[in-house]
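Taking it in order: structure first as structure tokens, then the write-up.
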Amino acid sequence: MSVFTPLSQAELSRFLEPFELGRLVAFEGISAGTENSNFFVSCEQGEFVLTLVERGPVEDLPFFVSLLDCLHAADLPVPFAVPDQLGRKLHQLSGKPALLQPRLAGKHVQQPDARHCQAVGKVLAQMHEATLACDLARQSDRGLAWMAQQTGDMLEQLSAAERELVEPLLALMQELLDQRPAMPKAVLHGDLFRDNVLFEGPNLTGVIDFYNAATGWALYDLAICVNDWCLDDQARLDPERAQAMLAGYASQRRFLAVEAAHWPDMLRLAALRFWLSRRIAAADHQEKPGVLVKDPEHFLRVLEGHREVTVQLPIAL
């Protein structure tokens, strides 16, 4: 179970007292997380999720709180930091920054169909549009510069086959860093995988885990989604689901020609980013039993599948 900081019932009960949510009924660690410690918390007055932030700059936490407030105000299905009786939303627990949020209804979908993908594309575009009105910005700690450095540092450790896939992306990243294409930007979710979206049947009921959110190209965020939601058993793009997600997004914001030109690049870079982070996590946690470590090699297979991208962005003529 990926709970890096375990809690006792006594310390959690003390933590909850200022929230005035009634007695702590039950709590359990959430196994799906790979970077933070998360707990389902049941109180007399409701169901909540408690997050202990284990990675990332603590000074950025007010940004995440403001982002969720922004998206919640736009009537989007996201959690938000619950204030205590003094109005405080950021807390400390067991030496870690802590946020308490309402638990959203729904379940994760492991075998998404085109309807699920269209709904995810639509809500992603709505989130991007909502952030433009909130005057929020954050630089990613795992952006292009980080990716380029990590890739360069790893080259000598790679097999010939891995190097053949990864090394050409160094030139691409440098080109993007130098030219900065004029693609639409927004605050990105940055990690909108299946385990961060909730559904009740075909209805999307929640988007969670915004701790990778940062300012960037909106198209890159969409590529991250497609690389998880729209793959077949061979880690290749499934045209029906990919086209449904792109159509869902385009129903809220039209794509530009410059985005169509860079679409294959974004898919490849999104695959590279999660190959890098999973590889680093596997090395960091290899001797820590019970920590969920996801397979880095999966994203090498995704990258291999993106040698040729056959699903193009729908551009209105």
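Summary of computed values
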{"item": "Only Lys, Arg (+1) and Asp, Glu (-1) charged, at Cβ; the range 1-113 dipole about Cα centre in debye", "result": "160"}
{"item": "Solvent-accessible area per residue, Å², over the chain with all protein chains present [probe radius 1.4 Å]", "result": "46"}
{"item": "Most to least packed among 153-166, 228-241 [average Cβ atoms within 10 Å]", "result": "228-241, 153-166"}
{"item": "Cβ-Cβ FRET estimate between ASP69 and ALA145, R0 fixed at 25 Å, reported to 0.05", "result": "0.30"}
{"item": "Efficiency of FRET from Cβ geometry, SER251 and SER13, R₀ 35 Å, rounded to 0.05", "result": "0.15"}
{"item": "Using distinct alpha-carbon pairs, which all enter the 1/r mean, Kirkwood radius of the range 1-146 in Å", "result": "16.9"}
{"item": "Isolated Cys in the chain, by beta carbon distance under 4.7 Å", "result": "CYS43, CYS117, CYS225, CYS230"}
{"item": "Tilt relative to the chain, helix 61-73 - C-alpha long axis, 0 to 90 degrees, to 10", "result": "90"}
{"item": "Value at 222 nm in deg cm²/dmol, rounded to 500, when DSSP H runs of n ≥ 4 in the chain each add -39,500 (n - 2.57)", "result": "-13000 deg cm²/dmol"}
{"item": "Acute angle (nearest 10 degrees) that the helix 257-285 long axis makes with the longest principal axis of the chain, alpha-carbon atoms", "result": "50"}
{"item": "Projected area, mean over directions - the chain, Cα convex hull, nm²", "result": "16.7"}
{"item": "Principal-axis tilt of helix 144-154 within the chain, Cα atoms, nearest 10 degrees", "result": "80"}
{"item": "Amide proton proximity set for LEU231, modelled H, under 5 Å, gap of 5+", "result": "ASP238"}
{"item": "Sequence ranges 215-227, 108-120, ranked by mean other-Cβ count within 10 angstrom, highest first", "result": "215-227, 108-120"}
{"item": "The range 147-217, Rg to Rh (Cα coordinates; Rh as Kirkwood inverse mean 1/r)", "result": "1.12"}
{"item": "Charge dipole magnitude, Cβ of K and R +1, D and E -1 - the chain, Cα centre, debye nearest 20", "result": "360"}
{"item": "Shape call, the range 34-105: gyration tensor on alpha carbons, a/c limit 1.5", "result": "rounded"}
{"item": "Carbon plus sulfur fraction of accessible area for the chain, probe 1.4 Å, in percent", "result": "49"}
{"item": "Set of lysines with alpha-carbon distance to LYS107 below 25 Å, sequence-local pairs under 8 removed", "result": "LYS122, LYS294"}
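The values are calculated or read from the model by the stated rules, or taken from the named source; none is laboratory data. Nothing here was measured: the structure is a model prediction, and the numbers come from that model. A quick note on method: Cβ atoms are made from the backbone with ideal geometry, for glycine too, and the neighbour counts reach across all protein chains shown. Ligands, DNA and RNA are stripped out before the accessible areas are found, and what is left, the full protein with its side chains, is counted by its heavy atoms. Shrake-Rupley method; radii C 1.70, N 1.55, O 1.52, S 1.80 Å.
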